[in-house]
1. Where a Cα-Cα gap under 20 Å defines reach, which lysines qualify for K70, not counting those fewer than 8 residues away within the same chain?
2. In the neighborhood of M171, defined by Cβ-to-Cβ distances under 9 Å, what is the net charge if each Lys or Arg adds +1 and each Asp or Glu adds -1?
3. With unit charges on the beta carbons (Lys and Arg positive, Asp and Glu negative) and the dipole taken about the Cα centre of region 127-240, which residue among I157, S205, H220 sits farthest to the positive side?
4. Measure out, as a whole number of angstrom, how far apart the alpha-carbon centroids of region 387-427 and region 241-285 sit.
5. Rounded to whole Å, give me the distance from the Cα center of region 606-645 to that of region 656-726.
6. What lysines could a cross-link reach from K708, if we take a straight Cα to Cα line under 25 Å and drop same-chain neighbours fewer than 8 places away?
7. Counting only protein chains, not ligands or nucleic acids, how are Y609, Y423 ordered by accessible area (probe 1.4 Å), most first?
8. Considering all projection directions equally, how large on average is the shadow of the alpha-carbon convex hull of region 72-131, in square nanometres?
Amino acid sequence: RYYGKWMRDEAEKRIGHLYPKVKLPKEYGGGEATVIAWLWARTVKCPNPACGAQMPLVRSFWLSAKSGRKAWIEPVVDKKRKTVRFEVKTGKGSPPDPPKIGRGASFRCLVCGQTADEEAVRAEFRAKRNSEQLMAIAAEGNGGRIYLDPTEEHSHIARAAKPEWRPEEEMNQRTSNLVSGRGYGISHWYEIFTPRQLAALGTFSDLIGGARERVVADAHKAGFTDDPKRLDDGGGGAVAYADAVTTYLGLNVSRLSNRSSNICFWDTSGGKIQQVFARQAIPMTWDFAEGNPFSDSSGNFLGQLSYLCATLEVSSVRARGVAKQLDAAAAINGVVKPMVCTDPPYYDNISYANLSDFFYVWLRRCLAGIYPDLFSTLLTPKAQELIATPYRFDGDKAQAEHFFEEGLGKAFARMREAAHQDYPLAVFYAFKQAESDEATANDDSQASMLISTGWETMLGALLKSGFAVTGTWPTRTELIGNLKKLVNALASSIVVVCRPRQTDAPLATRREFINALKAELPAALKNLQGGNIAPVDLAQAAIGPGMAVFSRYSKVIEADGSPMTVRTALALINQTLDEVLAEQEGEFDPETRWAVAWFEQFGMNEGPYGIAETLSKAKNTAVNGLEEAGILKARAGKVKLLGRNELDGDWDPTTAHRLTVWEVTHQLIRALEKDGEAGAAALFRKVGALGETARDLAYRLYGICERKKWSQEGLAYNSLVIAWPEIVKLARAAQPAEIQQELQI
């Protein structure tokens, strides 16, 4: 913190003029305020020859969507001059529709209404005719964020920045994981930073050397030894100590780059700058946020350092650590019988080597003097990265797959040879891929969900190298922030636990394998649900106990005498999982069983009354009884399940005429969405033991949504289970002691 503060102050002396304060209007008390961020829109020339205006490429005009603090950008169009300027509005109301049209890069000209399609926009970027226009300024106010109109002065200062250095290295233009691979003519790393951002990051990088000199001098004064060895050579004196401190300062410059790029965008719900890596890709961002590293708010240098220091403060490690860069497929050197824990590459899903260059170009600038071997190349090595990317093999997909499978097999074989026999191999895996072959693609069951090349290849390599799966540990490793709440992102990593397979492992027939699955998977599934694994992760986690059955045999023989493939085993595991989930419906009341069957066929849409009546007889209930229970409406020969927002808003389970697990589940979700965990906990206290059954129903309904690709509906059921531990905790905290005991039982 001490040396970081020196770097920050020294940088402000050098480039502080590039980050001016903003003058406040009278309604905000006058005076000046520190800018948090400048909000920019990229622009291209309108393709309409009669217009030719600079088109702002904006995905949203919202600045703040918070209730009571709404703010947005209002475009002011001058059709005569063919210009667009922007004003900031606050209070009641809402912004106009943005010019972005659907997905991709199609935009509407605000001046003439002409649409610029994706190819026209890309052509402008490739010809370097694109520009940027300042839309708004976010500043620090006494009561929170202040949003102000853009000014020509601030726009001019930003454009006047002249960085002394920039990363000239080329980006990979053959992968869609990078913005360079999307046809916008972006080919070098410096192009995803504004000139002012390059000046700031370059200045902080250059100050690393000065900070290191100060650390050396202070360490000598504090009595550190004169050991001349560097940290990278095992030194332990003042020089090595300075290398260590400087390493963390260099990492902080790298952290700052993640919030100092023209790929960053403004988060309207949190009023902050969102990082480049909201996911494992560098996408195109149309309107972007440029932060102020000298502010006290979002994206500043010392704010990033506080995260880094907080990590150091809670670290319990006191022993000296050693890190080596090795090829896992070639050897595990220098360690006698190691315990192995690995997170293998995910087939062709993520090009980590390409993505890591974003940080590498800045880390190399900061730390090459401390770690000359580590930063000996201009960019990270790519050729040996174990992923199945066809572009590295001139588009040959088969060759790319062979490279991946062979390399992964060698790596696991080396691990089996080297690993300590007393400890299992732990393989972290969080790969979710909806890829299936023809045999399962048309099967409307959960069995088709996980027959992915990534899982198949990873498990196949494990088994081929002589490992057997002995367990699964779902581990909550993913922070479910605002961005991930919008999608059914995996919440956990699945730790596949393996030991060497017994040399005398027996053979099994297909029938024996299926019987073993049906005998063992229900208990394993109950165990996973008892641990409150998120529905989105359940099918992934069930692979473990399923593969534990499969891999205990030396071979599973098909009816024709051929060995069963891993892909077929995965299909059978997921088919059995679906059957087990369906069997859990026996715990539900007749009305809920009817609702599940109807939901699976019609969702929340209308269906014929005749089908509803026939189904009700099969489930030992009646349509009029379902109406009385308050879960559907029937009229004009049509029947429809009531959505959670259509249910009785004043519903009280203690006075309800008829209680169903279906309504309890959806009322809990409604309470969670409206009043958070506290609201759901208040309702949970009233429904008692039915609450746990409601959670089981959420698993079942999520599985249906996953198969039907009803992502938004599935998100609600997933959210309920994720929030369950906190709901139960709050409910127990508010209960008398005797009821708490009953809840625990």
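1. Those lysines meeting the cut-off are K26, K89, K92, K272, K674.
2. Working: positive: none; negative: E169, E170, E191, D357.
Once all neighbours under 9 Å are counted, the net charge is -4.
3. Final value for the positive-end residue is I157.
4. Comparing the Cα centres of region 387-427 and region 241-285, I get a distance of 31 Å.
5. 21
6. K432, K484, K485, K518, K526, K619, K633, K638, K640
7. Values: Y609 90, Y423 115 Å².
Listed by decreasing accessible area, they come as Y423, Y609.
8. Working: hull surface 20.3 nm².
Convex hull of Cα atoms, orientation-averaged projection: 5.1 nm².
The values are calculated or read from the model by the stated rules, or taken from the named source; none is laboratory data. If you're wondering where the values come from, they're calculated on a predicted model, not measured in any experiment. Counting neighbours? That spans all protein chains shown, and the Cβs are built from the backbone with ideal geometry, glycine included. Heads up: the accessible areas ignore ligands, DNA and RNA and are worked out on the full protein's heavy atoms, side chains in. Shrake-Rupley method; radii C 1.70, N 1.55, O 1.52, S 1.80 Å.
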